[in-house]
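Scroll down for the structure; my scribbles are underneath it.
All of the numbers you see were taken from the coordinates with simple rules; none came from a lab. Since the structure is predicted, the reported quantities are computational estimates derived from the model, not experimental observations. Note that we place each Cβ from the backbone using ideal geometry, even for glycine, and neighbour counts take in every protein chain shown.
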Amino acid sequence: MSAPAPIPSRPDALHQRMGGLADPTRLRILRVLEREELSVLELCEVLKLPQSTASRHLKTLVDQEWLANRREGTASYYRLASGLDPGARGLWQLARAEVEAWSVAQEDALRLEQRLRARRSEAESFFAGAASDWERLRAEVYGTRFELGLLLGLVPEEWTIADLGCGTGALTRALARSGARVVGVDRSAAMLRVARREARGLPNVELHQGALEALPLADRSCDAALLVLVLSYAADVLPVLREARRVLKPGGRLLAVDAVAHADESFRSRMGQTRPGLDPAWLAAQLAEAGFAPPAPPTLLPAGAKRPTPDLFLTRAHRPRRS
């Protein structure tokens with residue numbers, strides 16, 4: 001999927017956008033939302049703003065096309081627009097350089113880190129409780145055919161494959177039985193206990209506990225990396241993608257499978273998702289920022305579930321050979 005086209009300039013766009021950057025609160029909002037997409041309530045928590053104040057400034061920034069937003073059920077999520085024209089990008093870079101020195105902006109960054117840590121903690125608590133039953137729950141919700149599709153043409157025996165966010169290791173084991181060396185990484189100790197027990201007798205499986213934002217793997221050590229139903233649980237997607245790129249060899253492949261962004265709050269809660277799915281276009285922009293070559297168009301996958309669930313999509317990308 002190609003990167004979003006720049007928003008076309010209008011004769012009055014420069015004047016309007018300069019006005020949008022004239023307010024210190026709006027500059028703080030842009031700086032935080034450049035880092036991570038947040039709901040209105042999360043943004044109020046990070047910036048310590050009343051909701052009415054945040055909503056007023058958000059409307060201005062959306063109207064001036066600084067921000068993109070989407071609704072999920074009763075919540076609205078905002079992020080820095082990914083298709084800013086060169087003039088707007090230049091204005092923001094100048095403004096951001098000034099904001100970086102503000103003490104209040106540094107405090108905002110600390111509170112944002114606290115919010116992202118809370119997201120990670122919520123996901124870890126979910127997986128600690130779900131470990132013993134995770135494979136059954138995931139198969140019930142998504143089926144298994146999408147995983148079989150990932151195996152086709154993916155596993156030459158000489159490859160080393162990183163299964164990032166491997167959970168209880170069902171996909172890790174399936175890949176290992178094809179003959180490839182598979183390295184599974186997961187943050188959850190409870191999930192890894194199950195994975196280690198089930199992987200006994202497979203000498204070509206390695207399992208490591210670690211954060212996906214700081215993988216315990218060497219640079220350029222893997223031919224392929226998988227993020228299967230993982231990014232919906234990431235507190236911050238961009239560091240995960242950058243780490244995946246780091247451990248890939250030049251030309252190495254990344255395959256990411258996740259739910260399409262949805263508004264089903266009961267499903268999000270049942271599955272313990274940090275975010276209710278992903279917008280494929282947004283993921284493509286994140287991959288580009290992480291240093292991947294432009295990804296192929298996403299593919300919808302037949303999950304084979306017995307009940308209605310959010311669609312799954314597959315995104316394929318690769319690390320450029322000269323990188």
| request: Would you kindly state how much longer the chain becomes between residue 53 and residue 75 on full extension, computed as 0.36 nm times their sequence separation minus their alpha carbon distance, in nm to one decimal? | output: 6.3 nm
| request: Determine, for 39, 266, the number of other Cβ atoms within 10 Å of each Cβ, and report the residues in order from fewest to most. | output: 266, 39
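Order these peptides, 17-23, 284-290, 109-115, by their mean beta-carbon neighbour count within 10 angstrom, highest first. Before the final figure, lay out each step's value.
On the way: 17-23: 16.3, 284-290: 20.4, 109-115: 14.7.
Put in order of decreasing packing, that is 284-290, 17-23, 109-115.
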| Please state the relative contact order of segment 13-101 as a whole percent: Cα pairs under 8 Å, 6+ residues apart? | 35
| task | Go through 25-33, 226-234 and give me the packing order, highest mean Cβ count within 10 Å leading. | result | 226-234, 25-33
| message | Distance between the C-alpha centers of segment 67-97 and segment 173-241? Whole Å please. | response | 33
| remark: In nm, the gap between the two label points placed 7 Å beyond Cα toward Cβ at residue 111 and residue 208 is 3.6
| message | Using 0.36 nm times the number of residues separating residue 269 and residue 102, minus their current alpha carbon distance, what extension gain do you get? | response | 56.4 nm
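Give me the net charge for the shell around residue 247: Cβ to Cβ below 11 angstrom, other residues only, Lys and Arg +1, Asp and Glu -1. Spell out each step's value before the answer.
Details: positive: 220, 242, 245, 246, 249, 319; negative: 219, 223, 243.
Taking every other residue near residue 247 into account, the sum is +3.
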